[in-house]
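Peer 1: Dropping a structure here in structure tokens format, bear with me for questions.
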Amino acid sequence: MNYKVVPLSSEIARSVRAEMISPQYRHPASVAVATGYGPCRQCLRKLIVGEDERILFTYNAFAGLSNLPNPSPVFIHKSECRPFDGNGFPPELIDLPLLFEGFAAESELVKREPMSRENFEDQIAEIFGLSGVNYINIRNAEAGCFVARIERN
């Protein structure tokens, strides 16, 4: 399956870091030392608990894809980090408790299932093979928040 994992845009991350507000909602952002693994929604790497400073803000993962808002709390590193742009699935996400959500037009949920560490590539292909699925959102299965989007390449 040829796909790409799309992190939070650099434009949104820069805006949050500069203004300390959500550019989509104008809600205030906050900074704190990481108390959990995150991950950072820009570089898609785990946060180092007790070390990394992170910014928490409200993000709409459906912006530009649907009229249905889907606000979610997300984290990014306080300091600028390099956006994930690798091939395949981000290695630091593989061991995290994640959900895959396949969406059709106007954010119609077609399939939601926990990610299997052993065969996530097959899961991605299977979900994209379902009728109408346009993209897959990755969510944290513990907190429920948005992590990244998977698109066909």
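Peer 1: ALA143 to ILE94: extension gain in nm, 0.36 nm per residue of separation minus the Cα-Cα distance? Kindly include the intermediate steps, with their values, before the conclusion.
Peer 2: Working: separation 49, 0.36 × 49 = 17.64 nm, distance 1.64 nm.
Length gained, ALA143 through ILE94: 16.0 nm.
Peer 1: Neighbouring Cβ atoms within 10 Å as the yardstick, rank ASP52, ASP85 fewest first. Write out the running numbers ahead of the final one.
Peer 2: Working: ASP52 20, ASP85 11.
Ordered from fewest to most neighbouring Cβ atoms within 10 Å, ASP52, ASP85 come out as ASP85, ASP52.
Peer 1: Need one number: the % of Cα-Cα pairs in the range 8-77 sitting beyond the 13 Å mark. Can you show the working numbers first?
Peer 2: On the way: 1491 of 2415 pairs.
Across the range 8-77, Cα pairs with separations above 13 Å total 62 percent.
Peer 1: Excluding residues on the same chain fewer than 8 positions from LYS4, give the lysines whose Cα lies under 24 Å from its Cα.
Peer 2: Straight-line reach from LYS4, under 24 Å: LYS46, LYS111.
Peer 1: Tell me whether the range 53-92 comes out rounded, prolate or oblate; compute the Cα gyration tensor, take square roots of the eigenvalues as a ≥ b ≥ c, and use a/c under 1.5 as the rounded threshold. Please report the intermediate quantities before stating the final value.
Peer 2: Numbers: a/c = 2.63, a/b = 1.30, b/c = 2.03.
Since a/c reaches 1.5 but b/c is at least a/b, the shape of the range 53-92 is classed as oblate.
Peer 1: If a/c stays under 1.5 just call it rounded; otherwise compare a/b with b/c (prolate if a/b is bigger, oblate if not). Do that for the range 1-48, with a ≥ b ≥ c from the square roots of the Cα gyration tensor eigenvalues.
Peer 2: Here the range 1-48 falls in the oblate category.
Peer 1: Counting other beta carbons within 10 Å of each residue's own, what order do SER22, SER15, SER10 fall into, fewest first?
Peer 2: Values: SER22 21, SER15 17, SER10 13.
The most exposed by this proxy come first: SER10, SER15, SER22.
Peer 1: Here's a follow-up. Within the P(r) computed for the chain, what percentage of the Cα pairs occupies the region above 21 Å? Mind dumping the intermediate values first?
Peer 2: Numbers: 4866 of 11628 pairs.
Everything past 21 Å amounts to 42 percent.
Peer 1: Then there's this: Put a dot 7 Å past each Cα toward the Cβ at VAL110 and ALA125; how far apart are the dots in nm?
Peer 2: Result for the modelled spin labels: 1.7 nm.
Peer 1: Considering the Cα trace of the range 76-153, what is its radius of gyration and what is Dmax, both in angstroms?
Peer 2: In Å, with Rg to one decimal and Dmax whole: 12.8, 41.
Peer 1: Which loop-located chymotrypsin sites (Phe, Trp or Tyr not before Pro) does the range 1-43 contain, where loop means any DSSP state but H, G, I, E or B and the Cβ has at most 13 other Cβ atoms within 10 Å?
Peer 2: Values: sites: TYR3, TYR25, TYR37; in loops: TYR25, TYR37.
When the chymotrypsin sites (Phe, Trp or Tyr not before Pro) of the range 1-43 are filtered for loop state and at most 13 Cβ neighbours within 10 Å, TYR25 remain.
Peer 1: Tell me, what ³J(HN,Hα) does each residue in the range 89-99 have, in order and in whole Hz, if you take phi through Karplus 6.51 cos²θ - 1.76 cosθ + 1.60 with θ = phi - 60° and put x for Gly and Pro?
Peer 2: Residue by residue, the range 89-99 yields 8, x, x, 6, 8, 4, 8, 8, x, 10, 10 Hz.
Peer 1: Within the range 1-98, which GluC sites (Glu not before Pro) sit in a loop by DSSP and count at most 12 neighbouring Cβ atoms inside 10 Å?
Peer 2: Values: sites: GLU11, GLU19, GLU51, GLU53, GLU80, GLU92; in loops: GLU51, GLU80.
Answer by residue number: GLU51.
FYI, it's all coordinate maths here, none of it is from the lab. All values reported here derive from a predicted model rather than from experimental measurement. Cβ atoms come from the backbone with ideal geometry, glycine included; neighbour counts cover every protein chain shown.
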